Amino acid sequence: MRESSASANGSFTSAMTLIEKGLTYVPKRYVLPPSLRPDGTLCNTCLPIVDLSNRQHPLLRSQIIQDVHLACKKFGFFQVVNHGIPLSVMDNAIDAASEFFDLPTQDKRHLLSSNVCDPVRYGTSLNHVKDKVHFWRDFLKHYANPTSTWIDLWPSNPKCYKKKMVNYTMAAQKLQEELMEVIFESLGLNTNYLHEDIAEGSQVMAVNCYPACPEPDLTLGLPPHTDYGMISIILQNHQGLQIMGRDEKWHSVPLIEGALAVLLGDHMEVLTNGIYKSVVHRATVNSEKKRISIVSLHSLALGKKVRPASALVNEQNILSYKEGGFSDFLDFISGEDIVEANIGGVFRNSDGHWILGYCMHIPNTTITEAELKDPDYAYMHMNLHPLQVEIDAQEVITLLSSSKAKYANILSDCRSVLRQLHDPVVTHIYREQHKAADSVAKYGANKALTAMTLFDSPPLFAESMVEADRLGITFCRRTTFCNLPTDSLTSEACSSSNPTMPCPVLPRASLLIILVIANQGRQMHLNFYN
Ligand SMILES: O=C(O)CCC(=O)C(=O)O
Ligand SMILES: [Fe+2]
């Protein structure tokens with residue numbers, strides 16, 4: 001059974017509760033593999049700060065437009081000062097959030113939900129019901145724009161919450177509209193572009209609480225990810241946010257009194273046809289203070305789709321993204337990403353003789369369902385070790401030995417499966433050198449095989465190949481290129497860990513599922529135009 005902060009009978013442990021208990025270590029479920037921990041090697045690059053005071057000035061506005069253009073190009077990120085939101089409004093919002101998280105659990109429990117479509121929900125980590133690896137964060141998420149539609153659903157305890165938070169949410173919505181105009185101008189688009197859609201757009205407040213953590217080097221408040229929307233505006237009371245530069249290095253966002261951080265999201269990347277990229281970011285934790293961040297996530301309304309602006313599509317910058325929207329994102333994170341997969345492989349002993357073959361076709365499955373059917377259980381239960389794993393997707397091996405933050409979730413799962421298999425050596429083998437496994441996996445493409453099929457001796461169709469594989473008789477390579485587009489693993493555009501940009505959107509896929517996906521050449525970046 002996996003450890004979780006919520007069990008079927010309703011017990012729930014927030015990160016705040018752990019601290020109230022006086023824990024002096026982080027429980028095992030929060031401990032990340034070493035390669036995913038914040039390693040403290042940060043870049044000292046100055047991150048861009050844009051002073052908005054002169055944004056309405058007929059002559060001085062152009063400097064702001066230029067600063068925003070450079071910041072968006074280089075980082076997909078900037079901080080704004082003199083943005084017009086009074087300090088008192090921001091401080092009040094932080095106070096309201098802090099008071100909410102200080103309430104006893106029983107006063108917040110009624111808002112507990114793992115349903116990502118609920119307009120108000122309280123929880124911990126990312127999804128307290130599904131997460132295997134936990135993050136040191138409690139959160140309250142609620143819709144905000146338009147205020148009149150949503151405010152009645154917001155917490156009525158603490159009493160000040162609605163009053164204090166609404167001033168901030170309305171100010172953030174207004175600032176977002178102004179920032180979108182500036183960003184559009186920086187792209188040469190009309191400042192009125194999508195004006196109504198933006199004013200009527202969705203605003204989700206992610207109110208995050210990262211309690212002081214006894215072992216901050218072992219865990220994270222939030223893993224590397226990109227936000228799904230157009231832009232996110234972040235208000236924070238302590239340092240902890242880090243962004244990944246285009247150099248793939250982490251940069252700490254400094255705490256500047258009165259400043260707000262602006263992050264470009266995936267929908268902005270789509271709208272600009274990749275001219276601006278969404279920024280990968282994460283939240284670290286500290287051992288001294290509870291950190292609050294209030295993220296105002298802006299996207300078009302639920303039913304609307306974002307597509308590349310036609311003025312930004314031309315011969316030099318060809319159409320590179322499919323349209324997508326907030327509802328696609330919710331579908332994905334609610335686990336309804338429908339995939340079709342074949343799985344299959346062969347266990348052989350050290351002399352190359354057959355031990356067991358397995359295959360299965362998984363039609364119309366979600367990643368979660370596929371995971372449950374995943375034969376890594378077969379691996380574990382067979383207790384075959386030492387094991388050596390040979391796979392025909394070189395990219396998967398490269399990823400396994402990399403620390404690419406972009407693929408943190410999926411790699412973490414892979415490594416966890418491998419650990420349970422006693423850390424076998426994973427090596428590359430050309431498909432033609434492992435014809436038997438290849439043929440068994442292909443047999444799994446048979447749509448009738450919807451239950452796991454096991455072969456305790458070589459099936460007829462694989463018999464001759466087993467012997468050939470054993471003797472090392474290599475078959476000719478039929479293809480000279482890899483079946484998994486290398487682009488999809490390396491391109492900047494595929495950098496998102498966010499469900500609308502699905503490389504990392506297979507967050508809980510395990511090793512076998514990656515292999516299946518790799519073997520199937522599944523498009524890893526569904527929003528990517530192809
Ligand atoms: O706490 C932070 O600074 C970042 C929060 C964040 O990235 C999010 O809620 O999406
Ligand atoms: Fe984020």
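The values are calculated or read from the model by the stated rules, or taken from the named source; none is laboratory data. Not measured: the values here are computed from a predicted model. In this analysis, Cβ positions are derived from the backbone assuming ideal geometry, glycine residues included, and neighbour counts consider all displayed protein chains. Protein only, heavy atoms only, side chains kept; ligands, DNA and RNA dropped before computing areas. Shrake-Rupley method; radii C 1.70, N 1.55, O 1.52, S 1.80 Å.
Observations on the structure shown:
- Filter result (open to solvent by less than 10 Å² (accessible area, probe 1.4 Å) and either away from ligand 2 (no atom under 13 Å from the Cβ) or over 13 Å from Tyr143 (Cα atoms) (or both)) within segment 193-208: Gly201, Gln203, Asn208
- Listing of strands (runs of 3 or more DSSP E) fully contained in segment 237-284 that carry 2 or more residues being in contact with a Cys (Cβ under 8 Å, 6 or more places away or on another chain), open to solvent by 10 Å² or more (accessible area, probe 1.4 Å) and basic (Lys, Arg): none
- Segment 287-301 residues that are at negative phi, paired with ones that are within 12 Å of ligand 2 (Cβ to nearest atom) and aromatic (Phe, Trp, Tyr) (beta carbon under 9 Å, 6 or more apart): Leu297/Tyr228; Ser299/Tyr228
- Members of segment 122-141 found to be away from ligand 2 (no atom under 16 Å from the Cβ) and modelled with pLDDT of 95 or more, listed by number: Tyr122
- Pairs linking a residue in segment 59-71 that is assigned by TED's automatic domain parsing to the domain that holds Val279 to a residue that is open to solvent by 50 Å² or more (accessible area, probe 1.4 Å), with Cβ atoms under 7 Å and 6 or more positions apart or on different chains, are Leu60/Asn54; Arg61/Asn54; Ile64/Asn54; Ile65/Glu185.
- Strands (runs of 3 or more DSSP E) fully within segment 76-179 counting 1 or more residues that are within 16 Å of ligand 1 (Cβ to nearest atom) and among the charged types (D, E, K, R): 120-124, 138-143
- Residue count for segment 253-295, restricted to those that are of a type in the set (S, T, N, Q), within 11 Å of ligand 1 (Cβ to nearest atom) and farther than 17 Å from Met90 by Cβ: 1.
- Filter pass, Ile234 being more than 16 Å from the chain's Cα centre (by Cα), at pLDDT 95 or above, at negative phi and more than 15 Å from ligand 2 (Cβ to nearest atom): no
- Gln56 being exposed (fewer than 13 other Cβ atoms within 10 Å of the Cβ) and in the same structural domain as Val253 (by TED's automatic domain parsing): yes
- Scope segment 299-329; condition modelled with pLDDT under 90 and buried (at least 16 other Cβ atoms within 10 Å of the Cβ); matching residues: Ser320, Tyr321, Lys322, Gly324, Gly325, Phe326, Ser327, Asp328, Phe329
- If only residues of segment 220-233 that are under 21 Å from Asn127 (Cα atoms) and of a type in the set (A, V, I, L, M) are counted, the one that is farthest from ligand 1 (Cβ to nearest atom) is Leu220.
- Cys213 falls short on exactly one of the conditions (1) within 10 Å of ligand 1 (Cβ to nearest atom); (2) over 28 Å from Pro308 (Cβ atoms); (3) of a type in the set (A, V, I, L, M, F, W, C); (4) at pLDDT 95 or above, and that condition is (1).
- Entry remark, segment 209-231: residues being polar (S, T, N, Q) and away from ligand 2 (no atom under 12 Å from the Cβ) number 1 in total.
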